[in-house]
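The values are calculated or read from the model by the stated rules, or taken from the named source; none is laboratory data. Remember, predicted model here, so these are calculated numbers, not experimental data. Cβ coordinates were reconstructed from backbone atoms using ideal geometry, including for glycine residues, and neighbour counts include every protein chain displayed.
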Amino acid sequence: MHRTYWPRLLTVALLLAIVLLLVGCNTGTPQNTFSPEGDVASRQRDLFNMVLWPAVAILVLVEGGLIYIIVRFRRRRPDELPTQVHGNTRLELGWTIAPAILLLFIAVPTVAAIIDLGRAPAANALQVKVTGIQWKWQFEYTDIKDSQGNPLQVFDELHIPVNQEIGAHLESLDVIHSFWVPKLAGKLDVMPGRSNRMWFNATKPGTYSGQCAEFCGLGHADMRLTVVAESQEDFQAWIDQQLSGGGTSRAPQGAPALVSGGE
Amino acid sequence: MARAIEPNPSPVLEAMRQIREDAASYRGIWSWITTVDHKRIGMMYGVAALAFFLLGGIEALLLRLQLSTPNGQVLNPDQYNRIFTMHGTTMIFLVVMPLSAAFFNLMTPLMIGARDVAFPRLNAFSFWVFLAGGIFMNASFFTGGNILQGELGAPDAGWFGYAPLTLSRFSPGEGVDFWALGLQILGIASMASGFNFIVTILNMRAPGMTLFRMPLFVWMTLTTSFLIVFAMPVITVALFELLFDRLFDANFFNVAKGGTPLLWQHMFWLFGHPEVYILILPAMGIVSEVLPTFARKPLFGYPFVVFSGIAIAFMSWGVWAHHMYTTGLGAVANSAFGVSTILIAIPTGVKIFNWMGTLWGGAISLKTPLYFAIGFIAMFTIGGLTGVTHSIVPSDYQQQDTYYIVAHFHQVLFGGAIFGLFAGIYYWYPKFTGKMLYEGLGQLQFWLMFIGFNATFQPMMILGLIGMPRRIYSYPSGQGYDFWNLLATVGAFLIATSVLIFIINVVATTRRKERAPADPWDGRTLEWSLPSPVPAYNFVEIPTVHALDDFWHQKYTEDESGRPVPVVAGASEEAEDEEVDVHGIHMPSPSVFPLITAAGLPIIATGLIYDPAIVAVGAAVLVVGVYGWALEPATE
């Protein structure tokens, strides 16, 4: 058994990997899905953790089992001939049914969460129309009008009041984009020719970074956005500033004319 | 045809001598160009696929170099987009599929006891069309200007080609045309080969080779072939719609004219998800052959493994929208596809447990093919488990289009398919070349590839979870991505080193003096009853099959306690070639027309992009090829 050091080496490697994994997932990086600051992202993180730990257990079982089998059943003499076992129906039914039951326990909370998160935004939600444009984000506060009666428009930086639900309607002027602010909510695609809706909120004031998640051409990597969540007063102050024309993010240079696409 | 019986023995000996002379003359390039021998076609598939593997690998290294640091300057966004598009397209359509096809070709007739496939010339046609399609697709690199100055012309809309980004308005230039037409050409190759293997397996089995005595690899070939003939037409329709939009201003996907971009995604993934199993089932078949041989035990639960493979194939048609959770399909559709995705984990799990059951209680000989097969199980398990996390739909809203997905499918397609295919290469290499690959170099390759693989793709899992999207040419620092990306790049170069060692192994092996024995691994299936390399006619006499693992049973009987006992030496020896004179051997004649017919297709495709006159030329070549093929006498 000159190879007994293998299991030990692999254990060390596995532990090292787990340590690295924990380090990787616990740093406060700006788009980390493990440190959510919104109800939607929190629910999504919890679901992921729910399936992560059983998956890790199965992984350890399978990989550990493989190593055990290889070590224990190594061929010791060149002419060694094992008993020819063809199968075991009871065992096989067992490992067909057991995962099915485990998966049932995963399916129920999954479907519940799909329905909860997929609901329409609440009636009192702050309505925002999000428009994806190669390669910019336009945000339009549907219910906040300027002096001419046009909805307030800003680019690339969305301000929201903390702890208030946001009802977002997503539209695209050109190709498919995807609206994603990892700490607040998972992504939803921004499709030309249809309007997708989602709700999300921020439970803590802060600046949240996001970016387009659907490949949309040359500027895809640079199609970034920021969501600033602030207290109701700060938000109102920001709105007033924007409406009085003191805003900086209102009309960036090179913003394309917002006419509908096509010939 | 293969079982034709000649009543008169002397023409039979004459025919066999003729075949041997042909085999002796099989040295020049012309003999390869005109070959219809399934083994030579298989080897050509293998060599071409490995060449494309190097190309796709170089593309991967360029991508990894660009991403190794924040704000990378190796590639500009235009080059990056073209290279990642070609990397995905190449690895799927020009590497894993044809490498699987190589094994279908090499192994199926030998494993079922046939002299060749059902339609040998159609088989040659499949190969040449594949090669033509691969060259055509890669030729697009040269259409962007001066390639030496980095002006690339390849497609730049991703291997998934989501409309409307693929429309002329957003992707001008010829790249996407080359991509769509190239895939159409490759689809023809796949369809022809799919039908060929269905007919071969259903009709050409040796006497006694019932379906449930077929080796698992043949079962997976059959299942995959059915998937191919049903899945390819779907992508064909989608690509035609795209081509009509691009070339003739049709409006399937043009929103301004009432088109629907989402239609593309439905069709693409209705093809695309079965395609995933087209890529993985052959490797599963290879692993199911390698494990029993090196454990000296039959496959545990053979019927369960067969039926779980078939179940996966059926269920693969009902999970396509799990690629589309974030498109806004609604809660009902997302729930349905979430649950179906959960369900497909069950037959996949069954296979993993059965493979472990096969090894359990065996007499395991740790040789290179087994290393790769065990690497397959170890890595594919991670791929399967991360797949289950995708069925948790709301959690997938976070992971969709991030590096977590990139990590997942590389676990399946590299840790799974590529490891499985390398297991097959090391396992069957002696059967076709008559030389054994070096064991030490093989194990070195395995460990480098295994460590490199884990260093490359496990960090990507973390990258995705901490928010790094796919398909971005660059990222700023301060996102927490830097270390993991650098590690992934280092891993990619380890993988490249392992591939280099494989090439060294192949080159060194060609200079090896000693010839491989017929049965170097103590195999269980019919191919090991044949000499290495296998003669052109495969079987001197078509065998009669009595059991699953028939060749094992020729070598071993069982005592009362169920332990195998070797049959007395000599009792199962194959009779010498010269003494056999019972059956006639009727072999298909070589033909150049499959190549000519295939050559017409890329010419037509080029014409569709540049000039209708060229279409006429291509069509003329095609017609000449088809007529020559039809009118050529079957035997000289």
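Within the stretch A:210-237, which residues are part of a strand (DSSP E or B) and either under 20 Å from the mean Cα position of the chain (by Cα) or in the same structural domain as residue A:32 (by TED's automatic domain parsing) (or both)? Once the filter is applied, which keeps residues that are part of a strand (DSSP E or B) and either under 20 Å from the mean Cα position of the chain (by Cα) or in the same structural domain as residue A:32 (by TED's automatic domain parsing) (or both), the stretch A:210-237 yields A:210, A:211, A:224, A:225, A:226, A:227, A:228, A:229. Looking only at the stretch B:88-108, decide whether some residue is over 26 Å from residue B:166 (Cβ atoms), of a type in the set (Phe, Trp, Tyr) and surrounded by fewer than 23 Cβ atoms within 10 Å (Cβ to Cβ). No, the stretch B:88-108 contains no residue that is over 26 Å from residue B:166 (Cβ atoms), of a type in the set (Phe, Trp, Tyr) and surrounded by fewer than 23 Cβ atoms within 10 Å (Cβ to Cβ). With respect to residue A:88, is the statement that it is more than 7 Å from chain B (Cβ to nearest Cβ) and out of contact with any helix residue (DSSP H, G or I) (no Cβ under 8 Å at 6 or more places or on another chain) true? Spelling it out, it is not the case that residue A:88 is more than 7 Å from chain B (Cβ to nearest Cβ) and out of contact with any helix residue (DSSP H, G or I) (no Cβ under 8 Å at 6 or more places or on another chain).
Summed over the stretch B:114-130, the residues that are under 17 Å from residue B:590 (Cβ atoms) and part of a helix (DSSP H, G or I) give a count of 9. In the set (1) facing chain A (nearest Cβ under 7 Å); (2) assigned to a helix (DSSP H, G or I), residue B:315 fails one condition alone, (1). Restricting the stretch B:163-177 to residues that are of a type in the set (D, E, K, R) and part of a loop (DSSP other than H, G, I, E, B) leaves a set whose member that is farthest from the other protein chains (Cβ to nearest Cβ) is B:174.
Residues checked against (1) farther than 13 Å from residue B:397 by Cα; (2) more than 11 Å from every other protein chain (Cβ to nearest Cβ); (3) out of contact with any Cys (no Cβ under 6 Å at 6 or more places or on another chain); (4) part of a strand (DSSP E or B):
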{"site": "A:159", "(1), (2), (3), (4)": "yes, yes, yes, yes"}
{"site": "A:163", "(1), (2), (3), (4)": "yes, yes, yes, no"}
{"site": "A:167", "(1), (2), (3), (4)": "yes, yes, yes, yes"}
{"site": "A:179", "(1), (2), (3), (4)": "no, no, yes, yes"}
{"site": "A:187", "(1), (2), (3), (4)": "no, no, yes, yes"}
{"site": "A:198", "(1), (2), (3), (4)": "no, no, yes, yes"}
{"site": "A:208", "(1), (2), (3), (4)": "yes, no, yes, yes"}
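Checking each residue in the stretch A:159-193 for being farther than 22 Å from residue A:122 by Cβ and either β-branched (Val, Ile, Thr) or touching a helix residue (DSSP H, G or I) at 6+ places or on another chain (Cβ under 8 Å) (or both) picks out A:175, A:176, A:178, A:182, A:189, A:191, A:192, A:193. The set of residues from the stretch B:28-51 being among the aliphatic types (A, V, I, L, M) and surrounded by 15 or more Cβ atoms within 10 Å (Cβ to Cβ) comprises B:33, B:36, B:41, B:43, B:44, B:48, B:49, B:50.
Restricting attention to the stretch B:452-484, the residues being assigned to a loop (DSSP other than H, G, I, E, B), more than 18 Å from residue B:75 (Cα to Cα) and of a type in the set (Val, Ile, Thr) number 1. Considering B:373, B:417, the condition of being more than 13 Å from every other protein chain (Cβ to nearest Cβ) and touching a residue at least 60 places away in the same chain (Cβ under 8 Å) is satisfied by B:417 alone. Out of B:438, B:397, B:403, B:427, report the one residue that is more than 24 Å from residue B:71 (Cβ to Cβ), modelled with pLDDT of 95 or more and touching a strand residue (DSSP E or B) at 6+ places or on another chain (Cβ under 8 Å). Result of the check over B:438, B:397, B:403, B:427: B:397.
Quick check: is even one residue across the stretch B:169-179 buried (at least 24 other Cβ atoms within 10 Å of the Cβ), under 24 Å from residue B:420 (Cβ atoms) and among the aliphatic types (A, V, I, L, M)? No, that holds for no residue.
Working only within the stretch B:392-406, note down all residues that are in a helix (DSSP H, G or I) and either surrounded by fewer than 24 Cβ atoms within 10 Å (Cβ to Cβ) or at the interface with chain A (Cβ under 7 Å from one of its Cβ atoms) (or both). Within the stretch B:392-406, B:393, B:394, B:395, B:397, B:398, B:405, B:406 qualify. In the stretch B:459-474, of all residues being in contact (Cβ under 8 Å) with a residue 12 or more places away in the chain and at the interface with another protein chain (Cβ under 7 Å from one of its Cβ atoms), the one that is surrounded by the fewest Cβ atoms within 10 Å (Cβ to Cβ) corresponds to B:474.
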